[in-house]
Each structure stands twice: as structure tokens, then as C-alpha cells.
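Throughout, read-outs are computed from the coordinates displayed, never taken from laboratory work. Bear in mind the structure is a predicted one, so any value in this text is a computation, not a measurement. Cβ coordinates were reconstructed from backbone atoms using ideal geometry, including for glycine residues, and neighbour counts include every protein chain displayed.
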Amino acid sequence: MNTRIARAYEFADLSGYSFLDRWKIRAADWVFYMLINLIGRTARFEVIGWENHEKAVANGGLPIYVFWHDRIFLTTYWWRKRRIVVMTSRSFDGEYIARFIQRFGYGAVRGSSTRGGAGAIVEMTRLMRAGCTTAFTIDGPKGPRYVAKMGAVMLAKKSGQPIVPVTMALERYWTTPSWDLFQIPKPFTRARVYVARPIYVPPDADEKLLAAKRDELQQTLEELNHQSEEWRNSLR
């Protein structure tokens, strides 16, 4: 494993934070890791559209997974141990998120749509060329909720790899009073993983085509939301 890849899977140096913040980051890291692991073990999963994933990985394809920020909890658990590299924000919250996802076997690249995004896209492109799959919370880190940003589309253009929109539908969950109404699954919930058809972006795509691909991604994720709600309503 080269140095660049190894760095994505290692905990970052926290020396730039105060003692109190270092303690908070480590505490939040362990709390989220244990909570996700505990509830994830009780969930009952089924998968819809796995043939789309198989199409994306055929002939050595490296998917760029995208999903909504409010679905991080059980999405992190289900896609664990696949060495997927995720973009996390350069912030206090981003640091403890990076640490607990690394415990689940993910890699982390620091950057976001607001801080260090361009550099993070370049680093993710390099990691993909080295054989890593990647993922985005496509409306993160702070919204607007359910509005897809351009990061994954730009990465698909640079890497030549497909975007694979996914979502996690939960039968029963709590929501937090955050900007995204973050979903925390209730123990023993039923959960559905939806995998949509891959979206390809040509390497010579101009701004007009990039915008069209972003709109296609937005529409696909909205359709996954619709399917999720139809499924939940059918269980009542």
C-alpha cells in the first residue's frame, strides 16, 4: 500500500486542537462507533437493485457512491469493510466522523464544498487511480437538505468512474433537530438498501453537460426517496 492510500485510513494528528477538543473528538468517535455497531447488528436488511452495483464494478469499475447526509448512520454500517474513501469536512465534527468511519474500514479525505473541496477532489481522484472506491454525502456537510452538489460529478469526470446513487430506507427511526433531520434507526428495524443505475460522466464534459449530469443525479436520488417512502407506507 502506498503512502497516499495508507494516510487515508490512518487517524489524523489532533495536536492542532485544544486538550478539551481532543477529548471531545475521541469521545464522540467511540460513542458513534459503538452505537452504530450495536444498532446495525440488530437491523434486518434487504437490497434492491444490486444488479446496478454489479454493472458498475464490472471490468474493474470503481463506484463513486452518493447518498443523503441524513442516512449516514446505517449506511455507514452496511457498506463497512469495503475500504471506501469518504470526503469529510475540515472541522471539529468532520474529525470525529472521520475517526469513527475509519473504525468501520473506510478511508477519509478532508475537504468539503465550503472548505478545501477542490484539493479533496484532486486527492480522491489520485486515490481512485490507485484503486480506491469513494463516497459522498452529496448534500453535506450543511445542506441545503436533499440538494445534490457537484463534487461527485466532477470526480466522475476526472476519474472516468461511474456514480452510483444509493439510499438507506428505514422502517422505524428517530430524527434529530438538525438541518438534515438526521435519521437514527430504532433497534431491530427493517432496512432497505436501494442501489440505482450508474451515472457516467464523459471526460470531455463541458459545463452544460456537467450541470445536466448533476440534475440527473438529483432526479435519481429523489426517485430513491420516493421508493423509500412508498415502501415505508406499505408497512403501516
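Please compute the contact order of segment 103-201 in relative form: average sequence separation of alpha-carbon pairs under 8 Å and at least six residues apart, divided by the residue count, as a percent.
23
Cross-link list Lys24/Lys55; Lys24/Lys213; Lys81/Lys149; Lys186/Lys208: which exceed 31 angstrom alpha carbon to alpha carbon?
Cα-Cα > 31 Å for Lys24/Lys55; Lys24/Lys213; Lys186/Lys208; rest within.
Name the most mobile residue of Val86, Val47, Val109, meaning the one with the largest mean-square fluctuation, in a Gaussian network model of the chain with Cα contacts below 10 Å.
Highest fluctuation among the options: Val47.
For Ile48, Ile138, Ile25, what's the fewest-to-most ordering of other Cβ within 10 Å of each Cβ?
Ranked by crowding around the Cβ, least crowded first: Ile48, Ile25, Ile138.
Per-residue ellipticity at 222 nm for the chain, helices alone: DSSP H runs ≥ 4 residues times -39500 (n - 2.57), over residue total, nearest 500 deg cm²/dmol?
It lands at -14500 deg cm²/dmol.
I need the semi-axes of the equivalent ellipsoid of segment 19-82: take the C-alpha gyration tensor, multiply each eigenvalue by 5, square-root it, list largest first in whole angstrom.
Details: eigenvalues 177, 49, 19 Å².
Over the Cα atoms of segment 19-82, the ellipsoid semi-axes are 30, 16, 10 Å.
What ratio of Cα Rg to 2.2 N^0.38 Å holds for segment 44-116?
So segment 44-116 has a normalised radius of gyration of 1.20.
Could you point to the residue in Ala130, Ala205, Ile5 farthest towards the positive end of the chain's charge dipole, with +1 and -1 charges on the Cβ of Lys/Arg and Asp/Glu respectively?
Checked the options; the winner is Ile5.
Grab the beta carbon distance between Leu35 and Asn59, set R0 = 35 Å, and tell me the FRET efficiency rounded to 0.05. All intermediate terms of the calculation are to be shown ahead of the outcome.
On the way: r = 38 Å, r/R0 = 1.09.
Using R0 = 35 Å, I get an efficiency of 0.35.
Stokes-Einstein D for the chain at 20 °C, 1.002 mPa s, Kirkwood Rh over Cα pairs, in µm²/s?
Estimated diffusion coefficient is 118 µm²/s.
Nearest 5 is fine: what % of DSSP beta bridges in segment 3-234 come out antiparallel, could you say?
Close to 35 percent.
Post the alpha-carbon centroid distance, segment 172-216 to segment 30-52, in whole angstrom.
16
Can you give the FRET efficiency for Lys208 and Thr3, using 1/(1 + (r/R0)^6), R0 = 45 Å, r = Cβ-Cβ distance, to the nearest 0.05?
On the way: r = 38 Å, r/R0 = 0.85.
Step by step, r from the Cβ atoms, then E = 0.70.
Hey, any idea what Rg/Rh is for segment 117-174, computing Rh the Kirkwood way over Cα pairs? Could you put the intermediate results ahead of the total?
Working: Rg = 13.3 Å, Rh = 12.8 Å.
Rounded to two decimals, Rg/Rh equals 1.04.
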